[in-house]
Amino acid sequence: MEHRLIKAIKKQALADKEEALLTLELLTDSPAGIGEHTAEHFLNEGKKALHKLGEAEDLLETIERHFGH
């Protein structure tokens, strides 16, 4: 059970990491593709993506450190 649980959490963290990186890429490389073009919108979306990236990387590091997965 533990192995499946940790594996599922790791996969979700990896997906969250990729989603955050994609969001940051789109915001920096293709800002015209974003519907709302205000500086505040870009800043807020960038912050959300960075927070998501940090949380995902923290989870992955914790899983590696404690479970060796």
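Key figures
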quantity	calculated
Members of region 39-55 found to be surrounded by 14 or more Cβ atoms within 10 Å (Cβ to Cβ) and modelled with pLDDT of 95 or more, listed by number	ALA49, LYS52, LEU53, GLU55
Subset of region 16-38 (residues that are at pLDDT below 85, in contact with a Leu (Cβ under 8 Å, 6 or more places away or on another chain) and among the hydrophobic types (A, V, I, L, M, F, W, C))	ILE34
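The values are calculated or read from the model by the stated rules, or taken from the named source; none is laboratory data. Source: prediction; values computed, not measured. No Cβ is skipped: glycine too gets one built from the backbone with ideal geometry, and neighbour counts run over all protein chains shown.
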